[in-house]
């Protein structure tokens with residue numbers, strides 16, 4: 001080596017940078033397992049079924065249906081980034097993309113947008129919507145086609161086609177005329193002419209000089225089109241100010257009577273911005289009021305107890321069999337109104353409680369011939385639980401249910417009324433919206449109640465409505481409004497703020513808090529609301545633990561049931577709080593509920609006392625019951641009422657002939673016969689103490705009671721029939737399963753197995769192979785003799801190497817597999833199959849050929 005050469009000797013070169021990927025499949029192939037797992041979690045439809053290799057995964061990630069789902073789950077700024085890439089050059093550089101989003105780098109550049117762009121771009125890359133290096137960013141073709149502008153589907157950015165796209169059908173002579181009008185030299189072909197015109201409009205100085213000579217009316221036209229839509233209508237004889245724009249290519253014709261503002265001109269007028277306003281940071285959740293946390297918990301606990309009482313009252317009202325099921329399913333409007341009256345609630349609130357009982361598995365149809373709604377056996381088990389656990393059952397069912405009570409009374413796509421418990425109420429986004437609303441509440445200080453508008457604005461940023469509308473009553477906004485209202489009704493929140501037991505329902509999520517919203521805050525690439533949540537984000541074990549924790553927090557806040565009432569002289573009883581169940585059940589038969597609230601007022605009437613006597617209670621039983629459970633002396637009017645009704649109760653006996661009345665006192669029967677109101681019963685005397693009627697016993701009982709008598713029904717043996725309510729239960733039923741929002745997110749075990757299978761399949765599809773020293777990258781393996789096959793396999797066992805084999809199974813199906821032989825005996829080879837990711841046994845006589853992988857050849 002000469003001295004001069006030695007002096008020019010360079011230090012050893014560093015490892016060359018990896019080559020830029022040429023396709024999405026190559027970009028995925030360069031990812032590690034953690035990155036691929038993040039992709040499959042974010043887009044679980046890609047793993048159903050598991051792709052055979054990375055090429056198939058890339059093809060599936062570029063399908064229209066999958067891209068639509070991925071775009072719908074982007075936050076507003078990530079979506080704006082994708083929209084900017086759709087109108088940028090393909091490929092685009094990072095600086096070009098930054099210029100479209102944050103301005104051209106001049107005084108209008110937005111530092112907050114520039115700081116947030118890496119996060120948005122990282123989200124797009126993670127979800128395989130963007131691939132390539134920062135010098136060659138490529139948006140997946142399907143996404144570009146969906147977001148790119150067209151006359152039928154204008155771009156969300158409001159930008160039109162490029163000069164090259166708009167002039168594609170224009171005559172070469174017309175293009176040359178535009179060049180002349182703009183002061184550019186003419187060219188020999190249309191391609192160079194279009195390139196010259198594009199260069200003019202992308203040069204800020206020259207375009208500004210051209211627009212400086214434009215008439216004021218022409219500039220006004222451009223200002224109306226600059227932010228979209230970029231299309232306008234012109235007459236066959238345009239006005240002079242429009243002709244000035246058309247002659248210089250600032251407006252280009254796209255169809256007869258239609259013109260468009262070229263993209264390059266619009267970007268110049270926008271100072272390089274793709275959007276009128278970018279939203280790099282999520283809007284902050286604003287606080288409407290702040291309450292003491294203890295007051296919030298107490299208020300929520302009161303609502304929780306009301307929820308339990310309402311569910312019990314609803315199912316007690318349907319204890320003997322509820323309303324009939326409509327032929328199309330669900331409750332009729334009349335039955336819903338009747339239920340609302342019974343619960344003393346508005347119809348929407350009644351629909352919520354009915355749907356909640358159904359979602360919790362406490363209510364179902366009985367599947368009888370005359371199908372009715374009734375309580376399930378699970379309701380009886382639920383009633384025996386402690387109150388706090390009963391509430392967590394309801395709250396957990398509400399959180400995970402996809403049925404949406406707020407839709408009741410609306411119309412479906414076929415203009416049919418949506419009924420409570422009927423079909424068409426499932427909305428797969430409901431669980432995710434409820435969880436997200438509670439997470440936003442949990443991120444606020446304890447006791448803080450947010451404004452509804454700020455919650456809706458935050459959700460709209462995290463998942464922009466379709467079409468990127470910034471306003472509008474979209475489904476997610478309605479779901480969020482209903483979630484806030486239902487959480488307050490159920491007792492998850494109190495006074496608008498999240499309670500301690502409501503916070504516990506969310507489980508121990510370390511990433512529960514939303515990202516910072518301040519202009520100077522750093523935004524991580526990964527956080528909860530940037531990955532899709534399918535239904536309940538908790539596992540079954542986490543959900544159980546969260547419910548137990550919530551029950552422990554709620555239990556001390558619930559009032560203890562009372563074993564007494566306060567009897568009043570006006571034939572009423574006041575329950576100063578919730579009553580023990582046995583006391584409440586007996587009192588509910590003996591008296592009618594007159595008012596509810598913090599204290600329940602019961603009223604005793606002759607009809608209610610007779611109801612208790614019909615249920616088998618005697619007057620002595622009722623006196624003893626009241627004396628035991630009243631903290632005040634039993635009023636004399638109430639004692640007289642019980643004795644008077646009991647004295648007359650059963651004095652008349654009604655049995656079945658068609659029906660008859662018997663009484664030991666014939667004067668009473670004479671009184672009945674003389675009463676003109678009894679004419680409809682068509683009574684006649686059979687004996688001094690017996691009357692016969694031409695009606696059924698039930699109607700005769702009702703008729704005599706309407707006359708002021710207190711008859712009792714009797715059996716064929718002459719015994720008094722005790723009228724007890726018949727409890728009706730459905731067969732065992734499970735709670736309705738939520739309707740999933742697409743495929744469920746894969747768990748860790750599925751992800752691990754899927755990644756192994758994809759990697760093995762990709763290795764099988766791409767690994768180069770050699771046989772006999774001749775490289776082979778695909779196709780059939782050359783056949784080898786049995787002796788050569790056995791020798792090659794035995795050598796691989798000794799060296800621990802891998803082999804490609806051609807194999808024909810018992811069904812005659814041929815395949816190529818990459819195996820690592822472990823042992824050879826008895827005419828079989830046991831090997832680890834990289835393709836199937838498992839150990840398998842192969843018959844040697846079915847192996848048609850063997851070849852060593854290229855990287856194992858010397």
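The values are calculated or read from the model by the stated rules, or taken from the named source; none is laboratory data. Everything quoted here is computed from the prediction, not taken from an experiment. Cβ coordinates were reconstructed from backbone atoms using ideal geometry, including for glycine residues, and neighbour counts include every protein chain displayed.
Observations, loosely collected:
- From the list 388, 349, the lone residue that is at pLDDT 90 or above, at negative phi, in contact with a helix residue (DSSP H, G or I) (Cβ under 6 Å, 6 or more places away or on another chain) and not in a loop (DSSP other than H, G, I, E, B) is 388.
- Condition met for residue 410 (out of contact with any helix residue (DSSP H, G or I) (no Cβ under 7 Å at 6 or more places or on another chain) and assigned by TED's automatic domain parsing to the domain that holds residue 291): yes
- Lone unmet requirement of (1) at pLDDT 90 or above; (2) in contact with a helix residue (DSSP H, G or I) (Cβ under 7 Å, 6 or more places away or on another chain) for residue 175: (1)
- Hits in the range 398-413 (condition: buried (at least 17 other Cβ atoms within 10 Å of the Cβ) and within 22 Å of residue 335 (Cβ to Cβ)): 401, 403, 404, 405, 406, 407, 408
- Set side by side, the residues 519, 510, 556, 524 differ, and just one is at pLDDT 90 or above and loosely packed, with under 14 Cβ neighbours inside 10 Å, which is 556.
- Among the residues of the range 578-591, those identified as surrounded by 15 or more Cβ atoms within 10 Å (Cβ to Cβ) and either within 46 Å of the chain's Cα centre (by Cα) or in contact (Cβ under 8 Å) with a residue 60 or more places away in the chain (or both) are 578, 579, 583, 584, 586, 587, 588, 589, 591.
- The residues of the range 353-373 that are in contact with a strand residue (DSSP E or B) (Cβ under 7 Å, 6 or more places away or on another chain) and either outside the structural domain of residue 317 (by TED's automatic domain parsing) or surrounded by fewer than 23 Cβ atoms within 10 Å (Cβ to Cβ) (or both), listed by number, are 359, 365, 366, 370, 371, 372.
- Counting only strands (runs of 3 or more DSSP E) that sit wholly inside the range 786-857, those with at least 3 residues that are farther than 17 Å from residue 766 by Cα are 814-825, 828-833, 838-843, 847-853.
- The set of residues in the range 183-208 being touching a helix residue (DSSP H, G or I) at 6+ places or on another chain (Cβ under 6 Å) and more than 22 Å from residue 88 (Cβ to Cβ) consists of 184, 186, 187, 190, 193.
- Here the strands (runs of 3 or more DSSP E) wholly within the range 217-285 that include at least 2 residues being at pLDDT below 90 are 231-233, 252-255.
- The single condition among (1) over 27 Å from the mean Cα position of the chain (by Cα); (2) surrounded by 20 or more Cβ atoms within 10 Å (Cβ to Cβ) that residue 350 does not meet is (1).
- Members of the range 23-47 found to be over 24 Å from residue 816 (Cα atoms), surrounded by fewer than 21 Cβ atoms within 10 Å (Cβ to Cβ) and either outside the structural domain of residue 127 (by TED's automatic domain parsing) or in contact with a strand residue (DSSP E or B) (Cβ under 9 Å, 6 or more places away or on another chain) (or both), listed by number: 23, 27
- Breaking point among (1) in contact with a helix residue (DSSP H, G or I) (Cβ under 7 Å, 6 or more places away or on another chain); (2) surrounded by 14 or more Cβ atoms within 10 Å (Cβ to Cβ), for residue 569: (2)
- Residues located in the range 270-314, provided they are crowded, with 20+ Cβ neighbours inside 10 Å, closer than 30 Å to residue 210 by Cβ and free of Cβ contacts under 8 Å to residues at least 60 places away in the same chain: 270
- Considered as a group, the residues in the range 48-58 that are within 27 Å of the chain's Cα centre (by Cα) and surrounded by fewer than 17 Cβ atoms within 10 Å (Cβ to Cβ) include one that is farthest from residue 745 (Cα to Cα), and that residue is 49.
- In the range 85-96, residue nearest to the chain's Cα centre (by Cα) [restricted to those that are more than 13 Å from residue 129 (Cβ to Cβ) and buried (at least 22 other Cβ atoms within 10 Å of the Cβ)]: 87
- Close contacts from the range 235-252, counting a first residue that is in the same structural domain as residue 222 (by TED's automatic domain parsing) and farther than 18 Å from residue 207 by Cα and a second that is modelled with pLDDT of 90 or more and surrounded by 15 or more Cβ atoms within 10 Å (Cβ to Cβ), with Cβ to Cβ under 7 Å and a gap of 6+ residues or different chains, come to 238/246.
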